[in-house]
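Some notes on the structure that comes next.
The values are calculated or read from the model by the stated rules, or taken from the named source; none is laboratory data. Nothing here was measured: the structure is a model prediction, and the numbers come from that model. In this analysis, Cβ positions are derived from the backbone assuming ideal geometry, glycine residues included, and neighbour counts consider all displayed protein chains. Please note that ligands, DNA and RNA were not included when accessible areas were found on the heavy atoms of the full protein model with its side chains. Shrake-Rupley method; radii C 1.70, N 1.55, O 1.52, S 1.80 Å.
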Amino acid sequence: MVHIVQYRPLRLITQNSLSSVCLKLMLSRPVAFSQIWKSWFSSHSLVGNKNIILMGPPGAGKTTVGRIVGQKLDCPVIDIDDDVLEATWNMSVSEKLQDVGNEQFLEEEGKALLKFSASGSVVSLTGSNPMHSAGMQHMKKNGIVVYLDVPTTVIMSRLKSMKVDRIVGNSPGVSLKDILQFRKQFYKRWYDIRVLCGGDIEAEVVAEKVLDAVKRYQNSELETFISTRSSRSGRSTEKESHKYFSDVVTEGLAPDGGLFVPERGLPKFTAGEWQSLIEATYSERAQVILERCIHPADIPASKLAEIIGTAYGENFTCSKIAPVRHLAGNQFLLELFHGPTASFKDFSLQIVPHIFAYCIPRSCNYLVLVATSGDTGSAVLDGFSRLHDSDKQRIAVMNFFPEDGVSPIQKSQMIGCQKENAWSVGVKSDFDFCQTAIKQIFTNSDYTGFLTVEYGTSLAAANSINWARLLPQIVYHASAYLDLVHRDIIPFGSPVDICIPTGNFGNILASLYAKMMGIPIRKCICASNENNVLTDFIRTGVYDLRGRKLIPTFSPAVDILKSSNLERYLHLIANEDGQLVTQLYNQLENQGHFQLRKDLLEKLQQWCSEEDCLAAIHSVYSTTGYILDTHTAVAKVVADRLQDRTCPIIISSTAHYFKFAPAILRALRIAEIKQNPLSQLHLLSSYSPLPPVHWGLLETLKKKGNEDHQVCAADMSMLMSRIEALIQNHFM
C-alpha cells in the first residue's frame, strides 16, 4: 500500500482514493500515515491538523454532509462505518451487530475508535459511537465535534424511507423513538458545536452550516461587545479594547456609563431552525438559543448544558418551566412565576449566578450589587445562594430595595432569602435612587479601585444592566411562540402580539430581541400604570423627569421612572449611534429630560389606572377562576384596549399573585384582610384558585430567624459604608 502512494503522483490522487489508501495505513501504522499526507493537506484545512468530526443519530446525513464538507475543504473524508469498522471486521456493520449483540457491538466499536488516528480530515461517526466514553475521549483529543441535530420525528421518517428497522439498542419492547431519545444524552455530552437541521434541508446547506459553525468556533474575536455610548468611528481596533461575553458578565456596566450590547447584533435563526425546536423541551430550546448567543470560548456547550440543567431542574414547580395557558378569546398567558421565588426574574437569576461563577477569575473575590423594585431582590439572593460552597466563599450579594416601596410579602421574601453570602438592605427612598446609586458606584473609579486594592474585591452587577440577564428572557418569549405552534393554535410564520407590564424595559426588550432573531412577533406592547413615563415617552418622544414623583401602586415592579434598558433600545433604533445616546443621557442627567427625533418614534402605547388593574383581576377571576397578579392585570387591561383580534396576543404573567395578596384580596372584594402575610396567603389558598398555591413562596415566608435586615438612609456615603462592612465581614 505504501508503494501505491509512492508511485502515483499525489496531485492525481482523488479525495476518496486517498482516504481509502490512508485509512488502511492508518489502522496499522498511524505514524507513517500522518507523515505521508499531513504536510500536503494542512494548508487546505479549515482547522489545520484537527479533524472535523460529524456526530448525530442514524439518518442525520453525516456521511453525505461529510463528503460535501471534505470536497469544499479539499481534505480527506473518513466514514467510520465503511472505512474503519467494516475494514477492521471484514464484515458489514449490520452483520456484526447481528453476530455479537448490542452491548458487545458497542465495545467492539469503541475498541476500533481507540486505534483510530488521523488529522486534517472530515470524520463521519456512526450513530452509536458517542455511547462509548473512552472512544469518544480519544476522538475529541484531535477534533472538533459537530452535532447534526435533527428532530426525532424527521429521523424516524428518514429511517423508515431507508427501510432501516434495526439499530444499536433494539430489543423487545423498546421503540425506535425511545432509542433515539436515549441517545441524545450522549450526543449532548460530546459535541463542541451544534448545527440545527430541519426536515427538508438539503445536505449542501447543512455542509455550509457546518463550515460556518466551525469558522465561528475558531474565531471568538467576531463576537465582541460595545457600549451603547461608544461611536462607530471612535472604536479602537486594538485587541485589548475588545470586550467578550465573559468580560461583560463580570463588569456589568461599561466604563463610560453605557450598557454593553453585541457589536454585530444578535444571531438570526432561519424559519427551519426555529421549526426544528417546536418539539423540544424548554431546557433544550434554552440550550440552543444560548449557544448561539454565547461563544463556546466563553462557555463551552457542555458547561452551558450543566448550568441550564441546574437552573431549570428541580427549582421550578412546573415541568414545562414556562407554560402558556389560554385565558379567553385570542388571549394567552405566559406563566413566568413557577421558579423558586415566584417571578419572571428566576428565569435569568437561576442561570446568571452559575455563568458569573464560571466566567470570573478564580483568584478574585466579587461583591454583586443589585437594586430591586420588588422581585429581583429575592431572585438574586436565592440564585446566588444556590452556588457551590467554594463559589459562595468568593462571591457575595448585596441587595438594595426601597424600604417602603415593595409589597409586604416581597419584603418578607427578600429578608427570608438572606443566606451566608446574600444580604438585603432597605433604603429610605425609591427604586430609582437605588438603581442610580449603584450606577454611580460602578463608575466611581476611585471607590472601586480602593475596594480592589484594600480588600481584593471587585464589584459586579446583577440587574438587567448586565447583558447576561437579558439572554434567558429571550428564550421564554421564543418558547411561548413555539408552544402555540406545537399546540396547532397557529402555523409557524403566523404573527403574534406580546403585551408586557414594563418597568425597567428589560422584559419587553427581550421580546424585541426575540423578534430580531426570527420569531414572528408583530407588536411588542408596553403596558404601564400611573408611573407612565415610558408610555408618555413613546407617545411624545419626550422623556421628562422634571417635577415627576414616583407614585406607589399595587404593581411595584412597574413603579420605575428611569428605565435602564431603554438605553439599549434607543441605541438599537438609532442605528447604534452611541454619540446620540450619550448626548441624550447626559441631557437627562443634567437637565432631567430629553427629546427624541421624530423619525425614531415607534409605537403608540397605553397605560392603566389602579382601578382598572383591580377591576381586571376581579373580572378574570369571575369568568375563568384564574387569578392574575397586579402586574399581569396591567398588561391585560392594555391588551384589551389595543388588540385588534387578528392574531393571538401573549400576555406575560410576570409574578405569582401570592406576592401581592392584599391587593388581590381587595380586588376579589374580600372585606377582612389580615395584616400577617402568611394569614393572607392561607386565606387566598382557601379559594382553591388557579394557578394553585406557590409552595416555594409559602415555605420562604414560614422561615424564622431571618426577620432582621439592615436599613439605611438615601445617602451615597451610607451605602458605600455598608458595602465596605459587608466585604470585611464576608471576605476578610
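Inclusion of residue 668 among residues that are more than 35 Å from the chain's Cα centre (by Cα), open to solvent by 30 Å² or more (accessible area, probe 1.4 Å) and of a type outside the set (Gly, Ala, Ser) is not warranted.
A single member of 148, 125 is at pLDDT 95 or above and touching a Cys at 6+ places or on another chain (Cβ under 6 Å), and it is 148. Restricting the stretch 572-599 to residues that are β-branched (Val, Ile, Thr) and in contact (Cβ under 8 Å) with a residue 60 or more places away in the chain leaves a set whose member that is most open to solvent (accessible area, probe 1.4 Å) is 582.
Annotation note: of 500, 441, the sole residue that is out of contact with any Gly (no Cβ under 7 Å at 6 or more places or on another chain) and modelled with pLDDT under 90 is 500. Those residues that are in contact (Cβ under 8 Å) with a residue 60 or more places away in the chain and closer than 18 Å to residue 382 by Cβ, I need them from the stretch 682-707; list them, please. 694, 695, 696, 697, 700, 701, 703, 706, 707 - these are the residues of the stretch 682-707 that are in contact (Cβ under 8 Å) with a residue 60 or more places away in the chain and closer than 18 Å to residue 382 by Cβ.
Across the stretch 78-100, a minimum of one residue is classified as under 17 Å from residue 144 (Cα atoms) and either assigned to a helix (DSSP H, G or I) or open to solvent by 40 Å² or more (accessible area, probe 1.4 Å) (or both).
On the stretch given as the stretch 241-262, residues that are part of a loop (DSSP other than H, G, I, E, B), touching a strand residue (DSSP E or B) at 6+ places or on another chain (Cβ under 6 Å) and without any contact (Cβ under 8 Å) to a residue 40 or more places away in the chain total 1. Being in the same structural domain as residue 137 (by the TED database) and either buried (at least 20 other Cβ atoms within 10 Å of the Cβ) or basic (Lys, Arg) (or both): is that true of residue 248 here? It is false that residue 248 is in the same structural domain as residue 137 (by the TED database) and either buried (at least 20 other Cβ atoms within 10 Å of the Cβ) or basic (Lys, Arg) (or both). All of 653, 622 fail the test of being over 28 Å from residue 493 (Cα atoms), assigned by the TED database to the domain that holds residue 695 and of a type in the set (S, T, N, Q), apart from 622.
I need the full set of residues from the stretch 488-510 which are over 23 Å from residue 629 (Cα atoms) and in contact (Cβ under 8 Å) with a residue 12 or more places away in the chain, in order please. Explain how you work it out, then say what you get.
Step one: filter the stretch 488-510 for residues over 23 Å from residue 629 (Cα atoms), giving 488-495.
Result: 489, 490, 492, 493, 494, 495.
Consider the stretch 65-114 and keep the residues that are in contact with a Gly (Cβ under 6 Å, 6 or more places away or on another chain) and free of Cβ contacts under 8 Å to residues at least 60 places away in the same chain. The one that is farthest from residue 172 (Cα to Cα) is 114.
Can you list the helices (runs of 4 or more DSSP H) found entirely within the stretch 110-228 that contain at least 2 residues being polar (S, T, N, Q) and surrounded by fewer than 21 Cβ atoms within 10 Å (Cβ to Cβ)?
133-140, 152-161, 176-190
Filter the stretch 715-732 for residues that are free of Cβ contacts under 8 Å to residues at least 60 places away in the same chain and not charged (D, E, K, R) and give the result. Matches in the stretch 715-732: 717, 718, 721, 725, 729. Quick one: in the stretch 46-61, which of the residues that are surrounded by fewer than 24 Cβ atoms within 10 Å (Cβ to Cβ) and touching a Ser or Thr at 6+ places or on another chain (Cβ under 8 Å) is modelled with the lowest pLDDT? So the residue we want is 48. A Cβ distance below 7 Å, combined with a sequence gap of six or more or placement on separate chains, defines the contacts here; from the stretch 153-167, residues that are basic (Lys, Arg) reach no residue that is open to solvent by 70 Å² or more (accessible area, probe 1.4 Å) and in a loop (DSSP other than H, G, I, E, B).
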